[in-house]
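For reference, the structure discussed in these notes is given below.
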Amino acid sequence: MGEEVKLFRTWSSSFALRIVWALKIKGIEYETVFEDLSNKSPLLLQYNPVHKKVPILVHNGKPIAESFVILEYIDETWKQAPLLLEDPYERAKARFWAKFGDDKVLTSVWNVFIKQGKEQEEALVAATENLKFLEEEMKGKKFFGGERIGYVDLALGFLANLISIFEEIIGLKIVDEEKFPSLYSWMQDFAEAPIIRDNWPPRDKMIVKFQALLDATIASSSSSSK
Amino acid sequence: MADEIVLLSTWPSMFGMRVRVALAEKGLKYEYREEDLGNKSPLLLLMNPVHKKIPVLIHNGKPISESMIIVEYIDEVWNHKSPLLPTDPFQRAQARFWADYVDKKLYDIGKKIIWSTKEEEQETGKKEFLECLKLLEGELGDNPYFGGENFGFVDVSLVTFSCLFHTFESYGNFSIETECPKLVAWTKRCLEKESVSSSLADPHKIHDFASGVRKRLGIE
């Protein structure tokens, strides 16, 4: 029986990128279904009725949602080019850093981008604290996975692209090369790695999208403070 | 060489209780250390410098944090007894999805019921909470456990919330059993297991604890 693998995603979703990278690293053939989140398809709603979000991986008709859940499923189903190591302690550490990336790093970096004035200053302090932990974790390694890209690299990888986009839009440095030498160098190495570099969403489109989001946020907060 | 297992936690923490349930399921001996979150021990700060939170499991000197990550670790290391995750990758994905759902939704929604000072927020919290429980009831279906015939990963993630039910009911002024009878039946079934009953805190003590915190916050 042939494998049927479909990935429901949007063109810009950082969470979906993790799945694209994982599938390509493992050499898995798949079909992409692009979704418009302002007009969700009946299939999306059928496959992810709980969260109604992307990405969704559908393997031989069976849907899996939530990017980290999907990554683990991919790693367990297709054993080539493993993303997680075998040792349970290393696996626990990888899961920890992936969760930290989403819960803390992404949130604080997003706040630096979207907030203004004092709130932005506070967000930058929080982001710097969080990035320091990643810097420590990166020391002496090329990738979080060691010599090869692994689970944590895929989990945090969106930073390698999104941070420079945010920095360009707001004119503020978030990952300074001097303050975060290991993290900065990882961002360059990861962004340029084979497979990764071929799959970034178009930068100009991303700038337009996030600039518009920022403009809308500023507009709505200034109109609500009248 | 015998395994050295230490658990840093606090008695009312549902997250810490998840780890206790998992350790008990595997029949493991461990040292429990109660933390005072107002005066965190040097060991806690050393073992979880990133979040400085409990629970932390220390296995032969190596720390693991985040309750469901700890539960999965325990399941992987002591995989010869009482497996919590199934072997099939798709079923494992379903289990991880629902445990993630419990983590993402229940705790934050539940907080609205207990700590909110605004009636509207509390009512919203109640409504959302019951919606979540009903969804989980649907997922349970006619199975004895979320793990199917056997107590599993999702059961561990959810069962420890049940010691908060009495507190939710008291402050929210509603009956969870009336709204979600199947789910309450499931909690009673889980409590028949020694690993669960020996790990969960007394719901009345939890209520008293919440009451004390509310008084200190000036909302009681």
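The values are calculated or read from the model by the stated rules, or taken from the named source; none is laboratory data. Given the structure is predicted, the values throughout are model-derived calculations rather than measurements. Glycine gets a Cβ as well: all are built from the backbone with ideal geometry, and neighbour counts include every protein chain shown. We work out accessible area using only protein heavy atoms, side chains counted, and drop any ligands, DNA or RNA first. Shrake-Rupley method; radii C 1.70, N 1.55, O 1.52, S 1.80 Å.
Here are the criteria: (1) in contact (Cβ under 8 Å) with a residue 12 or more places away in the chain; (2) more than 11 Å from chain B (Cβ to nearest Cβ); (3) of a type in the set (D, E). Tell me which single one A:D75 does not satisfy.
That leaves (2) as the condition not met.
Collect the residues in segment B:155-167 that are open to solvent by 10 Å² or more (accessible area, probe 1.4 Å) and of a type in the set (A, V, I, L, M, F, W, C), keeping them in residue-number order.
Those that are open to solvent by 10 Å² or more (accessible area, probe 1.4 Å) and of a type in the set (A, V, I, L, M, F, W, C): B:L164, B:F165.
Under 8 Å between Cβ atoms, which residue pairs at least 6 apart in sequence (or on different chains) link something in segment B:28-54 that is closer than 21 Å to B:I74 by Cα and of a type outside the set (S, T, Y) with a partner that is open to solvent by 90 Å² or more (accessible area, probe 1.4 Å) and not in a loop (DSSP other than H, G, I, E, B)?
B:L43/B:R33
Being of a type in the set (F, W, Y) and open to solvent by less than 40 Å² (accessible area, probe 1.4 Å) is the requirement here; does A:W11 meet it?
So A:W11 does not fit the description; no.
Can you tell me which residues in segment B:115-162 are touching a Gly at 6+ places or on another chain (Cβ under 8 Å) and in a helix (DSSP H, G or I)?
Across segment B:115-162, the qualifying residues are B:Q122, B:G125, B:K126, B:F129, B:F153, B:V154, B:D155, B:F161.
What are the residue pairs meeting all of these: first residue in segment A:127-141, first residue within 14 Å of A:L106 (Cα to Cα) and open to solvent by less than 40 Å² (accessible area, probe 1.4 Å), second residue at pLDDT 95 or above and part of a loop (DSSP other than H, G, I, E, B), Cβ atoms under 7 Å, and 6 or more apart or on different chains?
From segment A:127-141, the pairs are A:A127/A:I174; A:L131/A:V175; A:L131/A:F180.
Name the residue that is most open to solvent (accessible area, probe 1.4 Å), counting only residues in segment A:96-126 that are within 12 Å of another protein chain (Cβ to nearest Cβ) and without any contact (Cβ under 8 Å) to a residue 24 or more places away in the chain.
A:D103
Which condition from (1) among the acidic types (D, E); (2) open to solvent by less than 50 Å² (accessible area, probe 1.4 Å); (3) farther than 23 Å from A:S108 by Cβ is the one that A:E167 breaks?
Condition not satisfied by A:E167: (3).
Take the residues in segment B:72-92 that are facing chain A (nearest Cβ under 10 Å) and touching a Ser or Thr at 6+ places or on another chain (Cβ under 9 Å), then tell me which one is surrounded by the most Cβ atoms within 10 Å (Cβ to Cβ).
Within segment B:72-92, the match that is surrounded by the most Cβ atoms within 10 Å (Cβ to Cβ) is B:D75.
Anything in segment B:28-80 that is of a type in the set (S, T, Y) and not in a strand (DSSP E or B)? List them, or say none.
B:Y30, B:S41, B:S67, B:Y73
Are there any pairs with C-beta distances below 8 angstrom linking a residue in segment A:193-208 that is in contact (Cβ under 8 Å) with a residue 60 or more places away in the chain to a residue that is of a type in the set (S, T, Y), with the two at least 6 apart or on different chains, and if so which?
Close Cβ pairs (under 8 Å, with a partner that is of a type in the set (S, T, Y)) amount to A:P201/A:S12; A:K205/A:S12; A:M206/A:S12.
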